[in-house]
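Enquirer: Take this structure, written in structure tokens, and hold onto it; I'll ask about it next.
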Amino acid sequence: MKTYSVVEILGDGISAELSQSVHAICAVLPCRIEFVPVDLSLESRQRQGGVVYDSCVQAMQRLGLAIKYPTTTSEESPNQVLRDRCDFSVIHRPVATIPGIENNFKKTIDIEVIRVATGGTYDDPGMRICDEAAVSIRKIEKTPSRHAARFAFELAQRRGTHVVSTSKWTIQRATDGLFEEAVDEIRAQFPAIAHRRELFDSLLAGIIMKPERYSVIVTPNEYGDFLSDSACGLIGSIGLGDSASYGFDGTGRVRIAMFDPAGGTAPDIAGRDLCNPTAALLALANLLGFVGETASSNALRQALLCSIGERQCTRDVGGSLSTSAFTASIAERVRGALQRH
């Protein structure tokens, strides 16, 4: 049995229940996941200060793999701290329609949002220059843009599909123009992968009108943030999305990968066996796929889709199961699928 060591970043609110769900699924897998826990909850951060971040980052650098649960943002954002300390330059957000979940969008969407994790307007909070005006610097760099583009083209190659790069290059000629230049450099290395460029506002409308035209989308930081959250809204809930963050070495290969559910800490339902672990389990499926456990990844993803489609799910998405009951149902489906495989 193959063993993988994974840093498990514990957080706040429903974090403990999501962790229990992930562990329950791992118990039925044909591989062994050895978790190395790090407590990044608000209480732990307030008690230990920066030392807890040091421990977390050192473990992530040593093992190269992590799964993270939701954390409270107080004086600082743990996500941003880890992003800076681990030099994450790419965020991957898959968003796909889940049959059985009610939403206001009647078409099927299946996209992979590849977002440059640095720069844009997020790196500079700006400053007031007078009572009536403020400024901030928007920075885009080629290296993280190349990383994002390469990730997108490699993903499209595996999926047998195409890449759309999107920005506002006709208006932001210097910054977004630089991003598109980086995409073009990488595109030249993948001549068999179709690519087109779309203005970001046009792409937003296009996804709503003709979502079948979109598969892998690569975009700068803030555009990717807007797009992935709005796409989750189209499938019914921001809590249904998972995310992965990647840091790269000097050769452009992944050095650290961190997988996490995109939702928040949900303190109002914490400890009540009510939370929906779907996003955390999708993050686990993504992690399994990343390390090459394809059968386990596919079995988990399919188990989630089938269970939700049959309304064997938590209350927030139309079912009646508790967190633990839903998890047990998924575990049984995964076990059966892997035995048949």
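Since every read-out is calculated from the coordinates, none of them should be taken as a lab result. For clarity, every value in this text was computed on a predicted model and none was experimentally measured. Note: ideal-geometry Cβ built from the backbone for every residue, glycine included; neighbour counts use all protein chains shown.
Enquirer: Please find the FRET efficiency linking THR121 to THR143, where r is the Cβ-Cβ separation and R0 is fixed at 22 Å, and quote it to the nearest 0.05.
Expert: The computed FRET efficiency comes out at 0.70.
Enquirer: A follow-up question, please. Using the Karplus curve 6.51 cos²θ - 1.76 cosθ + 1.60 with θ = phi - 60°, what ³J(HN,Hα) values do you get for each residue of segment 12-28, in whole Hz, with x for Gly and Pro?
Expert: Per-residue couplings from phi come out as 10, x, 7, 3, 4, 5, 5, 4, 4, 5, 4, 4, 4, 5, 4, 5, 9 Hz.
Enquirer: Report, in whole Å, the centroid distance computed from the Cα atoms of segment 286-318 and segment 122-182.
Expert: The distance from the Cα centre of segment 286-318 to that of segment 122-182 comes to 32 Å.
Enquirer: Using Cα atoms only, what is the angle between the long axis of helix 175-187 and the major principal axis of the chain, expressed in degrees (0 to 90) to the nearest 10?
Expert: The answer is roughly 70 degrees.
Enquirer: Determine which lysines satisfy two conditions relative to LYS106: a Cα distance under 21 Å, and not lying fewer than 8 residues away in the same chain.
Expert: LYS210
Enquirer: Would you kindly calculate the translational diffusion coefficient of segment 103-235, applying Stokes-Einstein with the Kirkwood radius from alpha carbon pairs, for 37 °C and a viscosity of 0.692 mPa s, and quote it in µm² s⁻¹ without decimals?
Expert: 212 µm²/s
Enquirer: Taking a ≥ b ≥ c as the square roots of the eigenvalues of the Cα gyration tensor of segment 172-235, is the shape rounded (a/c under 1.5), prolate (a/b larger than b/c) or oblate?
Expert: It is oblate, given that a/c is not under 1.5 and a/b is not larger than b/c.
Enquirer: Relative contact order for the chain: what percent, with Cα pairs under 8 Å and sequence separation of 6 or more? Provide the component values of the computation, followed by the final result.
Expert: Working: 665 pairs, mean separation 75.3, N = 341.
Here the relative contact order equals 22 percent.
Enquirer: While we're looking at this one, here's another question. Could you work out how far helix 294-309 tilts from the main Cα principal axis of the chain, as a 0 to 90 degree angle to the nearest 10?
Expert: The two axes meet at around 80 degrees.
Enquirer: Between LYS106 and ILE208, with labels modelled 7 Å along Cα→Cβ, what's the label distance in nm to one decimal, could you check?
Expert: So the label points at LYS106 and ILE208 sit 1.6 nm apart.
Enquirer: For the chain, modelled as a GNM with alpha-carbon contacts under 10 angstrom, which of GLU212, GLU75, GLU17 fluctuates the most?
Expert: Looking only at GLU212, GLU75, GLU17, the largest GNM fluctuation is found for GLU75.
Enquirer: As a test of the definition: which semi-axes, in Å, follow for segment 228-296 when you take the square root of five times each eigenvalue of its alpha carbon gyration tensor? Largest first, please.
Expert: In descending order the semi-axes read 26, 14, 12 Å.
Enquirer: Viscosity 1.306 mPa s, temperature 10 °C: give me the Stokes-Einstein translational D for segment 219-341 in µm²/s, with Rh taken as the Kirkwood radius over C-alpha pairs.
Expert: On the way: Rh = 15.7 Å.
Value of D from the Cα-based Kirkwood radius: 101 µm²/s.
Enquirer: Nearest 5 percent is fine: what portion of the DSSP beta bridges confined to the chain is antiparallel?
Expert: 45 percent
Enquirer: Pairs of alpha-carbon atoms within less than 8 angstrom and 6+ residues apart define the contacts here; what relative contact order does segment 103-235 have, in percent? Don't skip to the answer; put the middle values down first.
Expert: Details: 211 pairs, mean separation 52.1, N = 133.
Dividing the mean separation by the residue count of segment 103-235 yields 39 percent.
Enquirer: Using alpha carbons only, how many degrees (0 to 90, rounded to 10) separate the axis of helix 51-63 from the longest principal axis of the chain?
Expert: Here the helix axis deviates by roughly 90 degrees.
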